[in-house]
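As structure tokens, the structure follows; a few thoughts come after it.
The values are calculated or read from the model by the stated rules, or taken from the named source; none is laboratory data. All figures in this text were calculated on a predicted structure; none of them were measured in a lab. No Cβ is skipped: glycine too gets one built from the backbone with ideal geometry, and neighbour counts run over all protein chains shown.
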Amino acid sequence: MQQLLKDIRMYQAENCLDYAANLVTRYGKDSLSYLTLERDKKYFFASKTEGFIAYTVIDNVAVCMGDLIYEEGTLEVLYNEFVNFAKKERLRICFSSVSEEFSEFLKKHGFSISKYGEEAIILLNTYELKGSSTSKLRQKLSRAHKAGIKVIEYIPEKRRDYDFEEKIIDISEQWLSNRDGKLGFSLGDLNFDKPLGRRYFVAIDETEKLHAIITFLPFCCKNGYFLDVMRRSCDSIPGVIEKSIIDGIMKMKEEGIELVSLGLAPLAGIKIISGNCTTLEKGMHYMYKNFNQGYDFKNLHNYKKKFNPTQWNSRYIAYEASLSPIRVAYAMIKARKKDGVWWILLKWLWQSMKKFALKLK
């Protein structure tokens with residue numbers, strides 16, 4: 001009986017995922033739309049329109065992923081249904097990494113808004129690797145090219161190569177083992193069994209040795225792609241990730257794809273202006289300037305800058321005004337990394353105390 005109930009729940013979960021994927025394909029305009037389909041999310045589906053909200057619950061706070069997915073003209077309907085659902089479940093609401101347009105909608109509904117970071121966007125029709133702004137990037141690409149690195153696209157939906165996928169998974173696990181655990185919620189996974197339109201680009205050398213894997217997620221009816229997973233082997237040739245990204249971007253440009261998102265640089269671009277910033281923004285700005293234990297925000301921002309993005313789009317956190325900034329920050333961190341959250345915060349606090357003590361000397 002227990003096995004039967006388990007099978008039923010798995011069937012229901014798969015059906016929910018398939019329905020959500022269908023809605024994302026039809027209505028997913030936001031660059032983060034496909035991240036709602038990762039299995040670390042719960043789903044709230046509207047009853048009066050076609051739309052849903054992907055979220056995870058952290059200590060009675062529903063942390064929602066990006067902009068909502070909804071049929072044109074029915075945002076208010078989906079929003080109101082979700083708010084009523086949250087009240088019944090006694091959940092507070094926090095929207096993570098939303099666009100400026102959606103943040104304005106939430107602001108009108110009484111949410112507190114704090115800038116979260118900036119998203120690097122490349123408009124492909126005008127993108128070129130020229131000038132001093134991409135000189136360091138071109139050096140990286142040249143080094144990988146001279147080492148015999150070539151980038152190919154692997155398409156599991158056409159033909160599965162399980163041995164090749166095993167090599168990719170080994171590199172991914174090796175890469176993760178050298179870091180402070182795996183981040184989730186706002187980052188995806190390889191998902192070879194259910195690609196859902198992902199594009200996989202792999203870097204190999206002249207001996208067919210695998211050096212790196214990157215993935216792109218579609219949005220805007222495949223007129224745009226979002227750079228998601230990036231993994232490389234510990235002995236990879238310098239520049240393989242950069243070459244994988246650029247070769248993938250240029251192939252999309254040839255296909256007529258309009259834009260590529262290099263993803264969010266968290267905490268970047270937050271300006272501290274007296275009387276015109278929230279407590280949460282002040283805390284995030286301090287972390288950007290001082291925090292580099294396990295996640296170096298400044299280096300990530302600089303890494304994206306070297307690709308010379310066409311524009312930087314602001315992203316925001318929107319949360320119920322009654323929620324404290326500390327509770328919002330904790331829920332956001334735990335949503336991204338469920339294990340060892342307190343250890344991360346303690347390391348940051350210890351580092352901050354040491355910096356403060358040095359200032360007093």
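Which pairs have Cβ atoms under 7 Å, sit 6 or more apart or on different chains, and link a residue in the stretch 231-253 that is assigned by TED's automatic domain parsing to the domain that holds Ser172 and farther than 15 Å from Ile204 by Cβ to one that is among the hydroxyl-bearing types (Ser, Thr, Tyr) and surrounded by 22 or more Cβ atoms within 10 Å (Cβ to Cβ)?
Met252/Tyr225
Residues are listed down the side, and each one gets a yes or a no for (1) at pLDDT 90 or above; (2) over 20 Å from the mean Cα position of the chain (by Cα); (3) of a type in the set (Asp, Glu); (4) over 28 Å from Ala331 (Cα atoms):
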{"site": "Met1", "(1), (2), (3), (4)": "no, yes, no, yes"}
{"site": "Lys6", "(1), (2), (3), (4)": "no, yes, no, yes"}
{"site": "Met10", "(1), (2), (3), (4)": "no, yes, no, no"}
{"site": "Ile53", "(1), (2), (3), (4)": "yes, no, no, no"}
{"site": "Val57", "(1), (2), (3), (4)": "yes, no, no, no"}
{"site": "Asn60", "(1), (2), (3), (4)": "yes, yes, no, no"}
{"site": "Leu68", "(1), (2), (3), (4)": "yes, no, no, no"}
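Which ones in the stretch 233-251 are of a type in the set (Lys, Arg) and surrounded by 22 or more Cβ atoms within 10 Å (Cβ to Cβ)?
As a first pass, look at the stretch 233-251 and keep what is of a type in the set (Lys, Arg): 243, 251.
Passing the criteria: only Lys243.
Output yes when any residue across the stretch 77-88 is in the same structural domain as Ala331 (by TED's automatic domain parsing), of a type in the set (A, V, I, L, M, F, W, C) and in contact (Cβ under 8 Å) with a residue 40 or more places away in the chain, and no when none is.
yes
Against the definition (within 19 Å of the chain's Cα centre (by Cα) and surrounded by fewer than 21 Cβ atoms within 10 Å (Cβ to Cβ)), how does Cys221 come out, yes or no?
In short, yes.
How many residues, within the stretch 47-57, are surrounded by 22 or more Cβ atoms within 10 Å (Cβ to Cβ) and either among the aliphatic types (A, V, I, L, M) or touching a residue at least 40 places away in the same chain (Cβ under 8 Å) (or both)?
Residues meeting the conditions: 2.
Filter the stretch 103-134 for residues that are without any contact (Cβ under 8 Å) to a residue 40 or more places away in the chain and either touching an Asp or Glu at 6+ places or on another chain (Cβ under 7 Å) or within 26 Å of Asn60 (Cα to Cα) (or both) and give the result.
Listed by number, the residues that qualify are Glu104, Phe105, Lys108, His109.
Of the residues Gly28, Gly117, Gly66, Gly51, which single one is among the small types (Gly, Ala, Ser) and touching a Lys or Arg at 6+ places or on another chain (Cβ under 6 Å)?
The unique qualifying residue is Gly117.
Taking the condition modelled with pLDDT under 80, in a loop (DSSP other than H, G, I, E, B) and surrounded by 15 or more Cβ atoms within 10 Å (Cβ to Cβ), does Gly269 pass?
yes
Go through the residues of the stretch 174-189 one by one and say whether even a single one is modelled with pLDDT of 90 or more, assigned to a loop (DSSP other than H, G, I, E, B) and farther than 21 Å from Lys41 by Cβ.
Checked against the condition, which is being modelled with pLDDT of 90 or more, assigned to a loop (DSSP other than H, G, I, E, B) and farther than 21 Å from Lys41 by Cβ, the stretch 174-189 yields no hits at all.
Could you run through the stretch 301-328 and say how many residues are over 30 Å from Tyr127 (Cβ atoms), modelled with pLDDT under 90 and surrounded by 17 or more Cβ atoms within 10 Å (Cβ to Cβ)?
So the count comes out to 4.
Return a yes/no flag: does the stretch 282-300 have any residue that is modelled with pLDDT of 80 or more, in contact with a Phe, Trp or Tyr (Cβ under 7 Å, 6 or more places away or on another chain) and surrounded by fewer than 17 Cβ atoms within 10 Å (Cβ to Cβ).
Yes; the residues of the stretch 282-300 include at least one that is modelled with pLDDT of 80 or more, in contact with a Phe, Trp or Tyr (Cβ under 7 Å, 6 or more places away or on another chain) and surrounded by fewer than 17 Cβ atoms within 10 Å (Cβ to Cβ).
Among the numbered criteria (1) modelled with pLDDT under 90; (2) part of a helix (DSSP H, G or I), which single criterion is violated by Lys115?
(2)
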